Amino acid sequence: MDVFDQIAPLPVTDYEAMANKIMPELVGQEIEDFKYNTWHVTNWRHLEKRITGPEFEAGNWKWRILLFPFGNNNQDTVSIYLDFVDPKGAPAGWHSCVQFALVLWNPEDLTQYIYHHAHHRFTAEESDWGFTRFYDLRKLLTPCENRTRALIENDSTNITAFVRVLKDPAAFNISEISSYSYDSKKETGYVGLKNQGATGYMNSLLQSLYCTTYFRKAVYQIPTEDDEPIKSVSLALQRVFYQLQTSNTPVGTTELTKSFGWDLTESFVQHDVQEFNRVLQDNIEGKMKGTKADGAITKLFVGKMKSYIKCVNVDYESSRVEGFYDIQLNVKGCQTLRDSFKDYIQEEILEGDNKYQAEGYGLQDAKKGVIFESFPPVLHLQLKRFEYDLQRDAMVKINDRHEFPMEIDLEEFLSEDTDRTNPHKYLLYGVLVHSGDSHEGHYFALFKPEKDGKWFKFDDDHVIPVIDKEVFEDNYGGEYPNENTITIRSAARNHERFTNAYMLVYIRESNVDEILSPVVSEDIPEHLQKRLEQERAIEDQRRKEMEGRHLYLIVKIVTAEKFKVHQGFDLANFDDRQYPLSEVFTYKILKADTYGSFKEHVSRSFNIPTKQVRFWVFVNRQNKTVRPDAPISDSLTNISMEEIHAKMTSRQNEMKLYMEVADIPLSGLTWFPANHIMVFIKYFDPDKQALEGLGHLYVQKFGKVGDITRFLREKKNFSPDTPLKIYEEVKPNMIVEMKLKSTFQQSEIQDGDIICFQKALTEKEIQERTTSGRYWDIPHFYESLTLRIVVSFKPKLKYRDPNPEFDLVLNKKWTYDQIAGAVGTYLNTDPLKLRFTTAHSTSGTPKSDIKQTTAHTLSEMLQTAYLSPPVHILFYELEMKEPTKVYWLGSTVKNEIVIYFRLPNNGIINDIIKVILKNEKVTLSSPNSRIRLFEVYHNKIQKEYTETEPIERIHEYATLYAEEIPQDEVHADQNDRTIQVYHFTINPIRIHGIPFKFVIKNGETLENTKVRLRHRLGMSKIEFLKVKIAIVPGTSYVKPEYLEDDDIILSEKKLSNEECLGLDHLDKSLTEKVIFIRG
């Protein structure tokens, strides 16, 4: 929407021709109405800041031009918009899809003008659309840019609006759809997926797999009745698919990513779609084994290709047939998809210095290539839009134009022996698109879910219909001319398109009916339907409750029985999560309910006559205690609970009450005393180290404290001469001994205060309790209560750790060993095996490991002093003496599989090797292959283990790797030598990557050594060009010797035992994130 001017013979008033010239054709769009309207603007310099032109009708709705002659928040430019006249009067959900152009022109010279064009989906919320920077105001007032006259002359000009109202909304970008008014389900029959942060790549693939209904049905066939969604990828994927099928709103994927073992951080990392697809399908394929769905993925996605080397002059061919799940095709240098296939099977000639060593024939000229043996029903084509740039030393995106057809016949790319009875004509059904560069971007999918249906754009939480142009032309990439530029004086400028296809989904024409057959109710597991229906019912109920929450009041009631067992401050702990919360009675009542009806309801639930019940209201005192303050009078029987709440506890969201129960009347109809102080009594038992709530007691303000000692002794069946110590619980850190001769008024006792007493102990009794580590008096016990804290313990490695989550009440001053002791007792395990990790205050995920030798107390470990509310979480793990995982390397050093295991302390290395060989993903080139297990520390091999060594010898912090010993090492002769190879960047101390053992063959040139190294690393020739090879001395201060001459014979270097071979190249792990799925 840049500014363009024109000097051309076509006059503005040739309206039809002008509209066709300045507004591009929208292929596949039906024009419902076309109108134009010209506004003659006069007295420009004296116009108001914002004015509107005359109204006109288009598409049965009224429109007008909105003008800011001196700019909309910018005085240098004119701002012009197309404005819908009556957004407030528009019907609910109103929208109008419009292509329009605004032209400003000289009334005296109809060929002098400038214009902009756009298209927009107008709604009541977005009722105007146009151009804030329409044109520079100064340029309108003077002849410039090859114009012979100014566009505003004599303080007047014309502005014409050309408006095409379109019948089909498919031409509009999702960013132009008002997110709160557009209904994907209603408009398309499909719903989107919510983006967790950077999961657009995942959403686009999931929608593609969902639309492939054969795959969806196969996933539904995996048994998941007893699975948990966040632990089972299969169940989580089933749930996503079923919700996409039945939901009316966008579906979340958090449950699915949790089943992968991902945390919040992983959801903000963009991964490669091809890699994610392979990892996901590997996981699902494993779950399908032995079920009705066994083999479904192979049937759908797996084709076969033959790699071959065929000698030119002798009758010898070496070939290998392998399965493929997708095909990676070059974009660079290929204009069309057919060109990419031709490039893929292009033969390489091996001749000259690159001749092939044919068994029995020696070095021979040969042809090397691949040819397809079969294509699968569903063909995933990965377009190589990203590649490594040697000059920039970084990944770059290839935005070259690359055309792909609606249909393609692949028969010409098959080997001669392939069965051709089944046609190999493929139809396009899906395009996955990336918009952006190599560092960041946006992903969406275009898919045609039905055989003869429409194309839809699945863009995270929106789904919209699109036309063919948006599927094909808009995603070819390359450069396109700026189609608005029609000036004679300036050449058309080209602009690179950063939005283009990176994955194509083709379906064999003969398989379309089967692959896209509708999913019916019988295809969906019954347990899945029932579970999600129940969850939706619960969610609907919760939503209704939330909507009606303003009508209700939460009332919490403390009874004498609850007070009796409370071990803490006040009568109960309502909401301070630092301490154990009290299990009080909770009622949800209508605010409009009267106090009388509430009292009757509660009394009935406790089976107590209403007249024997009185409720006291808890208040928050200034000293931060929570105490009963005043009773609710029976005179308020007909007053609503909302009014009572507002009057007596207005500062609290909920109402907290103490239920007083009278056993016998005082006299006649009087059950409760007046003009007395109600205090609460607690007893401290130094033997049990516990408090006991003994209910309430009425005292008179002029009565003496000593007067209640007889009552206290009777309560605990003490002898009349038992000495007592009596304290007032003022607040947690203020426990004051009361004077027996003082009155309650002198002691400042009021309603709701708490009096705590105990036996007075002898010196001997005090000594006994002190020696045994127990608190002997009330002040010290209360001090210990202030140090109590509830800590939530969670297993650190949840994806592979079956240990439970639990809460423990601990002491803030406890040391690491004391914490481990308490957790060890709870888990019935050795405390020495426990390791703890702190939690991030925001995400609640593991943060920092806590050293066993730390001098920090529990309070310092938690570090929550400045957080509100505080987070008291520690992650734990049981550390085994033997490592819990080993990395199995594939045929190349960069391929690795993580294998977890648990073995007894008395195990040997061969036990680990047995575990490795049982893993279904581990394959060997020969049944007699030997396995090497080696220890890596700081990216260098520290030790290679023998099979009989005990596991306990493995270093505590080492990383274990296992591999099949390469054949060149197995068959090395006495003059060959094995050396360690490791990776570094520039400086040998900047180590990275996986080290490995490598054979230096006697008499071999560096050129041939490089070939073997490249194959071992699994690098392409282009990648390996960035690797420099050096001999690295054993001491770090000696510079490495770089090897640049390919004719060097490395075996002649006579390397010492301390020297290694170093590979100097970029550490790509700093920029690339490895994707994993553990569930």
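The values are calculated or read from the model by the stated rules, or taken from the named source; none is laboratory data. If you're wondering where the values come from, they're calculated on a predicted model, not measured in any experiment. Neighbour counts are summed over all protein chains in view; Cβ atoms, including those assigned to glycine, are modelled from backbone coordinates with ideal geometry. In case anyone asks, the SASA skips ligands and DNA or RNA and just uses the protein heavy atoms, side chains included. Shrake-Rupley method; radii C 1.70, N 1.55, O 1.52, S 1.80 Å.
At 7 Å along the Cα-to-beta-carbon direction for both Glu768 and Glu1052, put a label point, then send me their distance in nm to one decimal.
If labels sit at Glu768 and Glu1052, their model points lie 9.3 nm apart.
Calculated from the structure, Rg/Rh (Cα atoms, Kirkwood Rh) equals which of (i) 1.29; (ii) 1.12; (iii) 1.07?
So the calculated entry is the one marked (iii).
Top to bottom by accessible area (1.4 Å), largest first, where do Tyr775, Tyr36 land?
Values: Tyr775 85, Tyr36 105 Å².
Accessible-area ranking of Tyr775, Tyr36, largest first: Tyr36, Tyr775.
Using modelled backbone amide H atoms (1.01 Å from N, in-plane), which distant-in-sequence or interchain residues come within less than 5 Å of His462's amide H?
It is Leu193, by chain and number.
Taking a point 7 angstrom from the Cα of Phe606 along the C-beta vector, which residues in the stretch 746-760 have backbone N less than 12 Å away?
Taking a point 7 Å out along Cα→Cβ of Phe606, no residue of the stretch 746-760 has its backbone N under 12 Å.
FRET efficiency for Lys715 and Lys739, Cβ-Cβ distance as r, R0 = 25 Å, nearest 0.05? Walk me through the intermediate numbers first.
Details: r = 21 Å, r/R0 = 0.83.
Efficiency, rounded to the nearest 0.05: 0.75.
Suppose only helical runs count, i.e. DSSP H with n ≥ 4. What mean residue ellipticity at 222 nm does that imply for the chain under -39500 (n - 2.57) per run, divided by all residues and rounded to the nearest 500 deg cm²/dmol?
My calculation for the chain gives -5500 deg cm²/dmol from helical runs alone.
Can you tell me the FRET efficiency between Asn1008 and Thr946 if r is taken as the Cβ-Cβ distance and R0 is 25 Å, rounded to the nearest 0.05?
0.20
Give the residues of the stretch 138-169 whose amide nitrogen is closer than 19 Å to a point set 7 Å from the Cα of Glu57 in the direction of its Cβ.
Counting backbone N atoms under 19 Å from the label point, the list is 161-167.
What pairs from Lys310/Lys355; Lys599/Lys731; Lys885/Lys921; Lys704/Lys725 go past 20 Å between their alpha carbons?
Correct reply: Lys599/Lys731.
Sort 579-585, 970-976 for me by packing, meaning the mean count of neighbouring Cβ atoms within 10 Å per residue, highest on top.
By packing density, highest mean first, the sequence is 579-585, 970-976.
Relative to the Cα centre, what is the charge dipole magnitude of the chain, using +1 at the beta carbon of each Lys and Arg, -1 at the beta carbon of each Asp and Glu, and rounding to the nearest 20 debye? Numbers along the way, then the final one.
Values: 134 positive and 160 negative charges, 865 e Å.
Around 4160 debye, computed over the chain.
Based on the Cβ-Cβ distance from Leu590 to Asn675, what FRET efficiency comes out when R0 is 41 Å, to the nearest 0.05?
Efficiency at R0 = 41 Å is approximately 0.75.
Which distance in nm do the two modelled labels at Val809 and Tyr1042 give, with both placed 7 Å along the Cα-to-Cβ direction?
Simple spin-label model gives 6.9 nm for this pair.
How would Asp263, Asp226 rank on accessible area, largest to smallest, probe 1.4 Å?
Ranked from most to least accessible, the order is Asp226, Asp263.
Note down the magnitude of the dipole of the stretch 234-372 about its Cα centre, charges +1 on Lys and Arg C-beta and -1 on Asp and Glu C-beta and zero elsewhere, to the nearest 20 debye.
It works out to roughly 580 debye.
Pull up the cross-link candidates among the lysines for Lys425, meaning alpha carbon to alpha carbon under 16 Å and not fewer than 8 places away within one chain.
Lys451
What is the set of long-range amide H partners of Asp33 at a cut-off below 5 Å, with H atoms built 1.01 Å from backbone N?
Val165
With the crude spin-label approximation of a point 7 Å out along Cα→Cβ, what separation in nm comes out for Lys299 versus Ser517?
Result for the modelled spin labels: 0.9 nm.
When a/c is below 1.5 the answer is rounded, else prolate if a/b is larger than b/c, else oblate, so apply that to the stretch 262-317 with a ≥ b ≥ c taken from the square roots of the Cα gyration tensor eigenvalues.
Oblate, since a/c reaches 1.5 and b/c is not below a/b.
List every residue whose amide H lies under 5 Å from the amide H of Met503, counting only residues 5 or more places away in sequence or on a different chain, with H placed 1.01 Å from N in the peptide plane.
Leu383, Leu432
How would His872, His95 line up by accessible area, probe 1.4 Å, largest first?
His95, His872
Among the chymotrypsin sites (Phe, Trp or Tyr not before Pro) within the stretch 946-996, which fall in a DSSP loop and have no more than 15 other Cβ atoms within 10 Å of their own Cβ?
In loop regions of the stretch 946-996 (DSSP not H, G, I, E or B), the sparsely surrounded chymotrypsin sites (Phe, Trp or Tyr not before Pro) are Tyr957.
Mind listing which chymotrypsin sites (Phe, Trp or Tyr not before Pro) in the stretch 318-388 are in a DSSP loop and have 14 or fewer other Cβ atoms within 10 Å? Walk me through the numbers before you get to the answer.
Working: sites: Phe324, Tyr325, Phe341, Tyr344, Tyr356, Tyr361, Phe372, Phe386, Tyr388; in loops: Tyr325, Tyr361.
Here the chymotrypsin sites (Phe, Trp or Tyr not before Pro) that fit, given the DSSP loop and packing criteria, are Tyr361.
Lys/Arg Cβ at +1, Asp/Glu Cβ at -1, dipole of the stretch 313-386 taken about the Cα centre: which of Ser319, Leu381, Gly352 is farthest positive-ward?
Leu381
Classify the stretch 614-654: rounded, prolate or oblate, from the alpha-carbon gyration tensor (a ≥ b ≥ c, eigenvalue square roots; a/c under 1.5 rounded; otherwise prolate if a/b is larger than b/c)?
Verdict is oblate for the stretch 614-654.
Note down the accessible area of Leu960, probe 1.4 Å, to the nearest 10 Å².
The accessible area comes out at roughly 0 Å².
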